[in-house]
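See structure below.
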Amino acid sequence: MNGIMLPNLRRGALLALAPLALIPIALPSAANAATAAATETVTGGSLTFINGSPSAVSFPSIALNGTDQTASQTQLLDISDARGTGAGWNITATSTSFSNGSVSLQGSTQITTAPAVACDAGIACVTPTNSVTYPYTLPSGATAPLATKMYNAATSTGTGALTVTPTWRLLVPATSAVGTYSSSWTMSLISGP
């Protein structure tokens with residue numbers, strides 16, 4: 001046969017072939033999975049007026065005209081509840097009478113509608129659920145009387161940093177004497193609604 005030599009095969013003989021080489025393929029294995037623990041400890045902060053105290057209130061001047069008049073002014077109560085307990089809080093207030101040294105102003109100071117409230121800029125908060133009813137009259141006397149609740153945050157509300165903005169209304173009776181009057185206000189931020 002033209003120089004090609006084939007092995008002499010007998011009928012039924014098998015041709016032996018070289019073994020195939022197997023290439024290992026990496027398969028994902030559950031045995032290679034591992035877990036790691038991650039922890040974070042969160043501790044509570046405090047309940048406080050931001051900047052240490054409420055803002056001062058300066059009512060606009062009033063020119064006497066023979067009638068009772070009302071001067072209005074807002075106040076910023078910037079509050080931080082960073083305790084992380086959701087215990088709620090309340091603000092109590094009292095004051096001395098408006099006086100110019102020898103004469104007291106006989107009008108009352110009130111909040112007639114619920115104060116506005118908003119989270120401080122760029123900070124998440126839970127706005128308070130307030131149950132105080134209005135109008136609210138600020139206690140006043142020659143010596144400041146017992147403080148009363150002027151605003152509150154129910155349990156699980158009022159957390160984070162937020163500003164409560166009451167609008168105060170000061171009654172100036174028509175019979176008031178001319179002068180510059182001042183009053184000392186005491187506000188306390190207390191745990192619990």
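Coordinate-derived values only; no laboratory data. Owing to the predicted nature of the structure, the values given are computational and were not obtained by experimental measurement. Note that each Cβ is placed from the backbone with ideal geometry, even for glycine, and that neighbours are counted across all protein chains shown.
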**Normalised convex hull volume, segment 109-174, alpha-carbon set, Å³ per residue** = 105
**Asked** In terms of modelled amide H atoms, which long-range or inter-chain residues lie less than 5 Å from the amide H of Ser97?
**Response** Gly141, Ala142
**Mean Cβ count within 10 Å, highest first, over the residues of peptides 90-98, 123-131, 145-153** = 90-98, 145-153, 123-131
**Message:** Using a 7 Å offset from the Cα along the Cα-to-Cβ direction at both Ser108 and Ser191, what is the distance between the two label points in nm, to one decimal?
**Reply:** 3.4
**Complete:** Of the convex hull enclosing the alpha-carbon atoms of segment 51-186, the direction-averaged projected area in nm² is 8.9
**Item:** In Hz, Karplus ³J(HN,Hα) per residue of segment 131-142 (6.51, -1.76, 1.60; θ = phi - 60°; x = Gly, Pro)
**Value:** 10, 6, 9, 10, x, 10, 9, 5, x, 8, x, 4
